[in-house]
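A.B. asks: Here you go, one structure.
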Amino acid sequence: MSYLVACVARGIACSTIPLSTHHHGICTATNISESVIVARCGTPGFITTLAQKSDAGPITSGGMIADVVAEEGPVPFERFMELALYGEEGFFTTGKLRSDRTGDFMTSPEVSPLFGETISVYVRALHESCGDPFMVVEAGAGSGSLIKPLLAQTGLDGMAVEVSPAAREKLGEITGLSVLSDLTDLPSRFRGVVVANELLDNLPMAMAQRIDGVWRERWVGIVDGSLELVDADARSEVVDWLDRYVGEVPDGGWVEAQLEVGEWLAKISDRLTEGAILLIDYGDTAENLLPRRADGTLRTYRAHHLGPHPLDEPGATDITADVNFTAAERIAGELGFESALWRQDDFLTALGLRDRLSLMRREELALAGKDEMERMVLRTRRTEVEALLHPRGLGDFRVLELTRAVPSPLGDHNAIL
């Protein structure tokens with residue numbers, strides 16, 4: 001079942017060629033003063049990252065995105081990423097529904113509706129603790145494959161925040177769901193739960209590299225008519241984030257500085273008076289991410305395959321990176337949240353999914369020699385659940401549980417991270 005493999009592949013880390021192997025030297029382009037060009041790569045079918053070189057020649061796409069970069073001069077990488085994903089010609093703001101089997105990638109809720117049903121166990125218990133009024137919010141709701149079964153199982157109404165017009169149209173079909181385009185459209189104060197599945201990895205981020213013991217940023221500029229990465233002094237806020245949350249990165253190492261994750265958490269914190277936030281994504285603690293820093297984790301994704309270098313076809317690919325959960329957890333703590341970091345397989349197991357899987361296996365065996373069609377349907381559902389729990393696939397994703405003014409519904413269980 002190739003779609004399951006593709007869904008897992010979106011969270012795979014990447015490898016690159018070190019910057020020291022490049023021969024470009026100092027850029028003398030008139031719009032970029034004293035800047036080192038970091039070469040690009042566009043190897044089809046393989047993960048390609050910032051430190052790799054492209055032989056594809058000048059870019060032939062980018063349109064308005066390249067025009068904005070040319071007009072503004074070299075821009076921080078997060079500005080380029082914002083344009084490429086959420087601008088007028090952005091990946092998520094144009095075209096089809098992206099998180100779908102017919103789209104560009106699938107996440108856990110698209111793999112199995114039991115993902116949303118299992119999360120509903122958590123939401124029901126939280127609702128009982130908080131009481132009414134209680135709001136269910138999904139940020140970056142995509143196809144609605146998570147919030148639809150969640151609302152159906154709890155009987156609650158909900159709100160979905162989604163930037164994609166195609167996704168908002170799909171979400172509009174769900175009964176009891178209000179669809180918003182921005183976090184600022186949420187009520188100013190509410191109690192409830194906010195769920196974000198594979199959202200943080202898409203928030204615009206700065207790019208930095210450790211060179212001769214100091215941090216340098218990689219911005220995006222136009223060189224000889226082509227989008228290129230250029231060297232820039234690291235801004236103080238970027239250096240502060242790196243020093244706080246990254247650890248000892250070797251010389252030449254690449255880091256995605258995810259400052260916007262903190263800004264996103266602050267926006268939710270300003271509104272959520274009581275309840276919980278569930279952040280589900282690929283990534284790890286800062287310590288466990290260190291082995292991946294030699295090459296960085298930034299990559300692109302489209303049509304259920306790893307894509308080209310981020311600068312090769314801006315607006316036509318997803319741009320994503322592993323989430324630094326140490327940073328997210330510490331920032332949440334500073335905002336007054338209690339936290340627990342889980343593996344996805346352990347989190348879903350604590351909510352009863354592995355028990356349900358065992359029951360499905362028994363039911364499948366009981367159907368042998370009887371209703372083969374029903375047995376095949378059950379086998380498909382069982383295989384989907386096994387994918388959610390696979391320890392080297394979706395099960396290895398992380399769930400950051402953040403609670404405020406209420407005990408965790410999983411108080412009798414312990415997160416293992």
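A.B. asks: For segment 368-378, give me the residue count where each residue is surrounded by fewer than 12 Cβ atoms within 10 Å (Cβ to Cβ) and basic (Lys, Arg).
C.D. replies: Going through segment 368-378 one residue at a time, the tally reaches 1.
Table: residues versus (1) within 20 Å of the chain's Cα centre (by Cα); (2) aliphatic (A, V, I, L, M); (3) at pLDDT 95 or above.
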| site | (1), (2), (3) |
| --- | --- |
| Ile147 | yes, yes, yes |
| Ala152 | no, yes, yes |
| Gly155 | no, no, yes |
| Ala160 | yes, yes, yes |
| Ser164 | yes, no, no |
| Ala167 | yes, yes, no |
| Lys170 | no, no, no |
| Ser178 | no, no, yes |
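A.B. asks: Identify all residues within segment 348-364 that are without any contact (Cβ under 8 Å) to a residue 60 or more places away in the chain and either over 16 Å from Thr383 (Cβ atoms) or of a type in the set (D, E, K, R) (or both); write none if there are none.
C.D. replies: Across segment 348-364, the qualifying residues are Thr349, Arg354, Asp355, Arg361, Arg362, Glu363, Glu364.
A.B. asks: Can you tell me which of (1) modelled with pLDDT of 95 or more; (2) surrounded by fewer than 24 Cβ atoms within 10 Å (Cβ to Cβ); (3) not in a helix (DSSP H, G or I) is the one Glu117 doesn't meet?
C.D. replies: The number of the failed condition is (3).
A.B. asks: Tell me, which helices (runs of 4 or more DSSP H) lie completely within segment 134-251 with 1 or more residues that are touching a residue at least 24 places away in the same chain (Cβ under 8 Å) and in contact with a helix residue (DSSP H, G or I) (Cβ under 7 Å, 6 or more places away or on another chain)? Show your work before the answer.
C.D. replies: Values: elements: 147-154, 165-171, 236-245.
By residue number, 147-154, 236-245.
A.B. asks: Restricting to segment 259-279, what's the tally of residues that are surrounded by 20 or more Cβ atoms within 10 Å (Cβ to Cβ) and either in a strand (DSSP E or B) or of a type in the set (Asp, Glu) (or both)?
C.D. replies: Counting residues in segment 259-279 that are surrounded by 20 or more Cβ atoms within 10 Å (Cβ to Cβ) and either in a strand (DSSP E or B) or of a type in the set (Asp, Glu) (or both) gives 6.
A.B. asks: Any residue at all in segment 328-341 that's among the hydroxyl-bearing types (Ser, Thr, Tyr) and buried (at least 20 other Cβ atoms within 10 Å of the Cβ)?
C.D. replies: No: zero hits.
A.B. asks: Another question about this same structure. What are the residues in segment 379-403 that are surrounded by fewer than 18 Cβ atoms within 10 Å (Cβ to Cβ) and in contact with a Phe, Trp or Tyr (Cβ under 7 Å, 6 or more places away or on another chain), if any?
C.D. replies: Passing the criteria: none in range.
A.B. asks: If you don't mind, there's one more thing I want to ask. Taking Leu365 as the residue in question, decide whether it is of a type outside the set (Phe, Trp, Tyr) and surrounded by 15 or more Cβ atoms within 10 Å (Cβ to Cβ).
C.D. replies: The answer is no for Leu365.
A.B. asks: Hey, any hits in segment 280-296 for a residue that's buried (at least 24 other Cβ atoms within 10 Å of the Cβ), among the aliphatic types (A, V, I, L, M) and closer than 18 Å to Val161 by Cβ?
C.D. replies: Looking through segment 280-296, at least one residue is buried (at least 24 other Cβ atoms within 10 Å of the Cβ), among the aliphatic types (A, V, I, L, M) and closer than 18 Å to Val161 by Cβ.
A.B. asks: In addition: Just one of (1) in contact (Cβ under 8 Å) with a residue 24 or more places away in the chain; (2) surrounded by fewer than 20 Cβ atoms within 10 Å (Cβ to Cβ); (3) aliphatic (A, V, I, L, M) trips up Leu306, so point out which.
C.D. replies: (2)
A.B. asks: Looking only at segment 404-415, filter to residues that are under 19 Å from Ile119 (Cβ atoms) and among the aliphatic types (A, V, I, L, M); which one of those is surrounded by the most Cβ atoms within 10 Å (Cβ to Cβ)?
C.D. replies: Ranking the candidates gives Leu410 first.
A.B. asks: Check Asp355 against each of (1) touching a strand residue (DSSP E or B) at 6+ places or on another chain (Cβ under 7 Å); (2) farther than 30 Å from Arg302 by Cα; (3) surrounded by fewer than 17 Cβ atoms within 10 Å (Cβ to Cβ) and name the one condition it does not meet.
C.D. replies: (1)
A.B. asks: If Glu256 satisfies every condition in (1) under 30 Å from Asp67 (Cβ atoms); (2) acidic (Asp, Glu); (3) in contact (Cβ under 8 Å) with a residue 24 or more places away in the chain; (4) surrounded by fewer than 24 Cβ atoms within 10 Å (Cβ to Cβ) but one, which is the exception?
C.D. replies: (4)
A.B. asks: Among Gly283, Gly336, which is the only one that is over 19 Å from Glu256 (Cα atoms), of a type outside the set (A, V, I, L, M, F, W, C) and in contact (Cβ under 8 Å) with a residue 60 or more places away in the chain?
C.D. replies: The conditions single out Gly336.
The values are calculated or read from the model by the stated rules, or taken from the named source; none is laboratory data. Note that the coordinates shown come from a computational prediction; the quantities given were computed from them, not determined experimentally. Glycine also receives a Cβ, built like all others from the backbone with ideal geometry; neighbour counts cover every protein chain displayed.
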